[in-house]
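Below is one structure, written out as structure tokens; comments come after it.
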Amino acid sequence: MAETRSAPRSLSAEQGGARGDGMPEAEHPGIGARIGALVQRVMRWRAVRVLMHYGSQRGPILASGLAYQAIFAVFAAIWVGFSIAGLVLTGDVGLRQSLIAILSESVPGLIDDGTGGGAIDPEDLLNAGVFRLSGVIALVGLLVTALGWLASARDAVRALFGLPAVEGNVLLLRLKDLGLAVGFGALVVLSAVLSVVGTQATDLVLGLVGLRETPIAIVLSRIVSLVVMFALDAVVLAALYRVLAGVPIPFARLRTGALLGAAGLGALKVLSGVLLGGATSNPLLASFAVIIGLLIFFNLVCQVILIAAAWIAVGVEDAAIVLDPELEAKRLEAARALVAAHSEPSDEKRGFWGRLLRR
């Protein structure tokens, strides 16, 4: 009878183990290694690093503080602004109504649209007077709250860039903040003018082609309004990062961050009804649901503003751009001192003669 003999197993087959695939265990990374590699890949994404930087610099806490201040600053600013507008624009009701419409779109839930769901009655705005007692009180409140918000926003933006607070003459800083506040108000008026002109031009063109008061006209009017608001938000954010905070950001990176921030603010305004509807639908909060909705909205707005600043800060760090040469020189000097202290051998490693010669 013929004797059958099994072929000897090779070394690679023995290393393959129970799988019998002839591959060593080391060449097949386990599920843990694959998950680790995936996590490392995700952690290198720009958006993830921005959010990590934002959290490490206490961005959510800073945004919450800014939102709380913004509630008081906006009410005072609107009252004073319409008091002045009532004196300057007494004969132009259309422009004043356009201002109200822009405010309603910029801050959903702020202006009452007739349903009782707004915090401010537009008729009260149109009848506001800066020379009345309420106007004087609002003016003082505006100076305190608005300038305080701008100062806090400057410190928050600089913190995200790893820069210290601005040191200098406090009076000059407040005057600078006041000038920026006036400039922001002028931008709102300018956007109202552009919105009126754009709407009238759109109506004129659509009237020539027979499409006035059609769904197309409504969509085009909405697009014009959104474009005006997007441009306004981008300019305001650029001024906030570059002028108010005093951070020397290169134009290309400033432009990208401001446009991203403006897009985020635009999305908040468009989706504000969905975002705030559930948060303010609790019947226990019905008596002050408008204020809660505004606080939530301002918190989201401040989060977007600071996240856009964090996006710029991460990009600047990736490009190794030095924003403050003096501060960078101090950091390098501290790093050299730390390296020198750790590179110097300790007394235990020197031995007896080393310690003796050192003395």
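All of the numbers you see were taken from the coordinates with simple rules; none came from a lab. Since this is a predicted model, take the numbers as computed values, not measurements. When we count neighbours, we look across all protein chains shown, and the Cβ atoms used for this are built from the backbone with ideal geometry, even at glycine.
Side notes on the structure shown:
- Exposure proxy ranking, count of Cβ atoms within 10 Å, fewest first, for ARG34, ARG58, ARG158: ARG34, ARG58, ARG158
- Global form of region 169-259, assessed from the alpha-carbon gyration tensor, a/c cut-off 1.5: prolate
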